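For reference, the structure discussed in these notes is given below.
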Amino acid sequence: MDIVIKNGVVLTLNSSKSIFEKGMIIIENDTITFSGEEHSASIPQHSKIIDAKGGIIMPGMINTHTHVGMSLFRTLADDTADRLRKYLFPLEEKFVTPDLVYWASLYSLTEMIEGGTTTFADMYYFEDKVADAAVQAGVRGILGESILNFPSPDTKEPYGGFENTEKFLELYSNHPLITPALAPHAPYSLNMRNLKKTAHLADKWDIPVLSHLAEMPFEIKQIAEEYGMSPVELYSTAGLLSKRLTAAHCIYVNNEDINLLKASGTGVAHNVSANLKSAKGIAPVLQMASRDIPIGLGTDGPMSGNTMDVVNLLGYTAKIHKFDNKDRTVMPPAKVIEMATIGGARALHIDGKTGSLETGKKADVIIVSTESTAMFPIYDYYSALVYCASPRDVNTVIINGELVMEDRKIKTFNKKETKSEAEKIVMNIKKELGNF
């Protein structure tokens with residue numbers, strides 16, 4: 001169905017950051033066919049008219065790094081030292097099943113949709129179930145099967161993620177919403193031969209690559225001892241740095257690393273909230289941004305950042321870099337919103353498809369209501385979004401031309417059923433935790 005959105009302020013996030021105070025968006029099938037002032041538009045017959053009621057019409061948020069299948073473990077072992085290796089990996093080995101991943105993913109997507117996320121990048125196990133959930137929800141996803149040097153919940157063999165990725169490709173090649181990806185877990189969890197194999201297969205299959213990079217203190221030490229180089233240098237040597245790769249975190253990078261990221265066209269997923277919670281550090285985003293490295297925002301997994309919406313990241317992103325640089329003028333709101341939308345699309349190398357409200361792009365559009373107490377008055381739309389908005393202000397979500405949420409009601413799946421199925425799994429986990 002064709003959709004017309006009117007009576008709102010359009011933030012296009014195009015190259016000129018055009019703003020239309022009395023704006024209109026026209027969507028035909030899955031594509032934006034008009035973005036501009038209402039008086040310039042010709043409304044197609046038989047269109048569904050959506051009244052934005054003075055709200056902000058903008059591109060959907062893009063979550064550039066997460067693990068949505070983990071949501072049913074949220075709040076387990078928070079603030080535990082060496083949580084990944086001592087707790088998370090064993091927990092996943094005991095509890096992760098295809099059924100858990102499907103319902104956990106759909107539950108995460110509930111939260112993402114309600115927070116205005118229209119695209120997410122994910123790496124986990126049983127990624128075909130993540131894809132099934134994303135298709136059910138109607139959310140755009142770049143999804144990668146995790147590849148590790150030890151057995152994992154979806155494979156009994158080390159590096160079985162390669163075979164799983166090939167099967168995943170057969171299921172979801174050329175899908176309008178789902179893009180399969182290779183997901184080498186991290187420099188410390190694959191050897192050089194298999195890192196090179198990942199780069200080779202990415203070229204052969206013509207698919208993206210998602211990976212953690214330069215995130216952990218032990219990672220820096222281990223790679224230096226084994227290879228005599230930094231993790232970024234290791235990925236460069238393996239052929240992984242490229243316009244296919246989106247590297248999550250990039251906390252421990254130096255000038256030489258930044259030069260390599262820039263030269264290769266690698267995108268970076270900045271996970272500010274999760275990194276603060278884990279006390280790992282603050283990625284040098286200003287230095288990377290000054291080199292025009294594409295950077296988007298990521299929640300990380302629901303055991304790391306806990307909340308799954310990008311809106312909650314906006315204020316963190318602005319404030320922590322001001323504090324870290326002792327300069328209140330850095331990371332202005334317009335830059336933060338750019339990172340949450342078109343910047344995320346660039347980091348995922350899909351900016352030709354989504355990330356801004358421009359004619360010819362896919363119709364991934366949200367309406368942020370300005371009716372809440374905190375959203376008045378508004379003199380600067382970007383400031384209001386970064387410093388005042390909450391996920392609950394997101395009123396309407398359209399993805400690929402489909403109305404996914406309207407007036408805060410999700411239309412593509414049953415939210416109550418999803419919560420009910422998730423509760424059954426959580427109850428079983430609670431029963432079994434005593435034996436864990």
### Message
For G160, only one of the following conditions fails: (1) on the phi < 0 side of the Ramachandran plot; (2) touching a helix residue (DSSP H, G or I) at 6+ places or on another chain (Cβ under 9 Å). What is its number?
### Response
(2)
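Listed here are the residues, each with its yes/no results for (1) part of a loop (DSSP other than H, G, I, E, B); (2) assigned by TED's automatic domain parsing to the domain that holds N149; (3) loosely packed, with under 15 Cβ neighbours inside 10 Å; (4) touching a residue at least 40 places away in the same chain (Cβ under 8 Å).
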{"site": "N7", "(1), (2), (3), (4)": "no, no, no, yes"}
{"site": "E21", "(1), (2), (3), (4)": "no, no, yes, no"}
{"site": "I32", "(1), (2), (3), (4)": "no, no, no, yes"}
{"site": "S35", "(1), (2), (3), (4)": "no, no, no, yes"}
{"site": "Q45", "(1), (2), (3), (4)": "yes, no, yes, no"}
{"site": "L72", "(1), (2), (3), (4)": "no, yes, no, yes"}
{"site": "L88", "(1), (2), (3), (4)": "no, yes, no, yes"}
## Note on the structure
The condition of being free of Cβ contacts under 8 Å to residues at least 24 places away in the same chain, more than 20 Å from S290 (Cβ to Cβ) and in the same structural domain as N194 (by TED's automatic domain parsing) holds, among E219, E233, E225, E215, only for E225
### Which listed residue is at positive phi, of a type outside the set (K, R) and in a loop (DSSP other than H, G, I, E, B), from A77, A81
A77
### Task
State whether the residues of region 358-378 include one that is touching a helix residue (DSSP H, G or I) at 6+ places or on another chain (Cβ under 9 Å), crowded, with 16+ Cβ neighbours inside 10 Å and more than 29 Å from D30 (Cα to Cα).
yes
### Summary
The one condition Y102 fails out of (1) part of a helix (DSSP H, G or I); (2) among the hydroxyl-bearing types (S, T, Y); (3) surrounded by fewer than 15 Cβ atoms within 10 Å (Cβ to Cβ) is (3)
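The values are calculated or read from the model by the stated rules, or taken from the named source; none is laboratory data. In this text, all values refer to a predicted model and were calculated from it rather than measured experimentally. Glycine gets a Cβ as well: all are built from the backbone with ideal geometry, and neighbour counts include every protein chain shown.
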